[in-house]
Amino acid sequence: MRTRALVVSSLLVAGCATTGSSARPTTPSAIQSIALPGAGPDGVFMDYIAYDRAHHRVWVPAGNTASVDVIDVSSGRVSRIDGFPTKEMERRGKKRIVGPSSATVGEGVVYVGNRGDFTVCAIEAASLKKGACAKLDSMPDGLAYVASAKEVWVTTPREKSIVILDASVSGALTVKTKMSFEGEPEGFAVDDQRGVFFTNLEDKDRTLEIDIKAHAIAKTWMPNCGEDGPKGLALDHALDFLLVACTDKVKVLDAGHDGKELSMVATGDGVDNIDYLEANHELYAGAARAAKLTVATLDALGKLSPKRVVATAPGARNAAVTDEGAAYLTDSKEGKILVVSPMPK
């Protein structure tokens, strides 16, 4: 593991806020650009990133660099965890190197999924030391820690399945069971209090509610995202509203009342994963092709209203948000993380 100082550049971008339902320009706001170590001509391949609230760190699996970069949001330092296996694969006629690509925060542990060797490994959140790993039969995509069951749920869309790992024993991580579906699972949200797990079937345009204890589908909803299907998910636990990302919008489904659609907000094209700051009832959606971040507020009736739109960079997506409202987005092409500062109060 190596530690290095934060390398940033600042650029001014136009933001906008809303009064009622109309957007108005605001003063420019700063975006920090954090250059990740090991970036080559093709940048750094990144997918899911995660924010560890206990240690104030953003975890960035940095695929083709065979590492995970951990950003301390307080001090501005980047720690690098090396030595993850990688492999070359072909996608859409182009070869690329894949490696660690997803992270989820558990109890004193961060779990990292690796497309390079089909593993999920536990890393101590405080010391950044590698721990136990579990080997899968298929390439892992998204990870979600389910605290009530002490499990890690791993979407494996190539096998149309979710692999469930037992994380109940310290220092061990083992495959517990596998759920199979009629489509490719994409995205995740967990409601431990109600005992349900949410995912989408991207190729079937479906959203599923799964009973955590029974490992069985309880409900199926139609988000009507279209041909590209639904992507990321987020949950307002107190309101029991599920936010479903489509490629150019985010919809609100009433999870407590059969998934009724309550509202939507346009985001621009290229949305994948989303994040939600529940304390402020704020949605963060980065649109890669539209090159902008949309921040929207959710009210008690399930209405999403745009609060702020910030120009980012082509390809910037998959925001992870701190408790203060700073949004960290992946910019794979440039091998950077973009940090959008919170709106001044």
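The numbers here are math on the coordinates, done by the rules we state, and not lab data. Nothing here was measured: the structure is a model prediction, and the numbers come from that model. Methodologically, a virtual Cβ is constructed for each residue, glycine included, from the backbone with ideal geometry; neighbour enumeration extends over all protein chains shown.
Where in segment 91-118 does the label zone of A147 land, with the point 7 angstrom along Cα→C-beta and an amide N cut-off under 20 Å?
Zone members listed by number: 103-112.
So what J values fall out for segment 60-71 if you push phi through Karplus, 6.51 cos²θ - 1.76 cosθ + 1.60 with θ = phi - 60°, rounded to Hz, Gly and Pro as x?
So the Karplus estimates, Gly and Pro as x, are 10, x, 10, x, 6, 8, 6, 8, 10, 9, 10, 9 Hz.
Long-range amide H contacts for G106: which residues qualify at under 5 Å (H placed 1.01 Å from N, peptide plane, sequence gap of 5 or more or a different chain)?
Y111
Quick one: which residues, 5+ away or cross-chain, put their amide H under 5 Å from the amide H of A50? H built at 1.01 Å from N.
Under 5 Å from the amide H of A50 lie the amide H atoms of W59, each far enough along the sequence or on another chain.
Could the peptides 68-80, 101-113 be put in order, highest first, of the mean number of other beta-carbon atoms found within 10 Å of their residues?
Packing proxy ranking, top to bottom: 101-113, 68-80.
May I ask for the Rg/Rh ratio of the chain, computed from Cα atoms with Rh as the Kirkwood radius, given to two decimals? Display every interim value, and only then the final one.
On the way: Rg = 18.8 Å, Rh = 20.0 Å.
Here the Rg-to-Rh quotient is 0.94.
Out of all Cα-Cα pairs in segment 197-259, roughly what percent, to the nearest whole number, are more than 19 Å apart?
24 percent
Using the Karplus curve 6.51 cos²θ - 1.76 cosθ + 1.60 with θ = phi - 60°, what ³J(HN,Hα) values do you get for each residue of segment 134-143, in whole Hz, with x for Gly and Pro?
Result, rounded to whole Hz: 10, 8, 9, 8, 9, 5, x, 10, x, 10.
How big is the equivalent ellipsoid of segment 215-296 along its three axes, where each semi-axis is √(5λ) from the Cα gyration tensor, reported in whole Å from largest to smallest?
Those come to 21, 16, 10 Å.
For the chain, set up a Gaussian network in which alpha carbons nearer than 10 Å are linked by springs, and say which option among F181, F197, F241 fluctuates the most.
F181
Report, by chain and number, residues whose modeled amide H sits under 5 Å from the one on R77, excluding near sequence neighbours (fewer than 5 apart, same chain).
Amide H neighbours of R77: D72.
Top mean-square fluctuation among W59, W221, W153, Gaussian network model of the chain, C-alpha springs under 10 Å?
Fluctuation is largest for W221.
When N counts the residues of segment 146-209, how does its alpha-carbon radius of gyration compare numerically with 2.2 N^0.38 Å, as a ratio?
This ratio for segment 146-209 stands at 1.14.
Work out from phi, with θ = phi - 60° and the Karplus expression 6.51 cos²θ - 1.76 cosθ + 1.60, the ³J(HN,Hα) of each residue of segment 256-269, listed in order in whole Hz, and give x for Gly and Pro.
With coefficients 6.51, -1.76 and 1.60, one gets x, 9, 6, x, 4, 6, 9, 6, 7, 9, 6, 10, x, 7 Hz.
Per Stokes-Einstein, at 4 °C and 1.567 mPa s, what whole-number D in µm² s⁻¹ belongs to segment 248-312, with the Kirkwood radius over Cα pairs as the hydrodynamic radius?
Stokes-Einstein gives a translational diffusion coefficient of 109 µm²/s.
Could you check the simple spin-label distance between M222 and R77, using points 7 Å along Cα→Cβ, in nm with one decimal?
Those two pseudo-labels are separated by 5.5 nm.
For segment 189-340, state what percent of all Cα-Cα pairs lands in each successive 5 Å bin, counting from 0 Å until the bin that includes the largest distance.
2, 11, 21, 22, 20, 14, 7, 3, 0
Two-decimal Rg/Rh of segment 36-180 from alpha-carbon positions, Kirkwood Rh? Walk me through the intermediate numbers first.
Values: Rg = 14.6 Å, Rh = 15.2 Å.
On the Cα set of segment 36-180, Rg over Rh gives 0.96.
So what is the relative contact order for the chain, in percent, with contacts set as C-alpha pairs under 8 Å and at least six apart? Mind dumping the intermediate values first?
Numbers: 1020 pairs, mean separation 46.0, N = 345.
Relative contact order comes out at 13 percent.
Would you look at the GNM of the chain, springs on alpha carbons closer than 10 Å, and say which of A288, A300, A172 moves the most?
Checking each option, the largest mean-square fluctuation is seen for A300.
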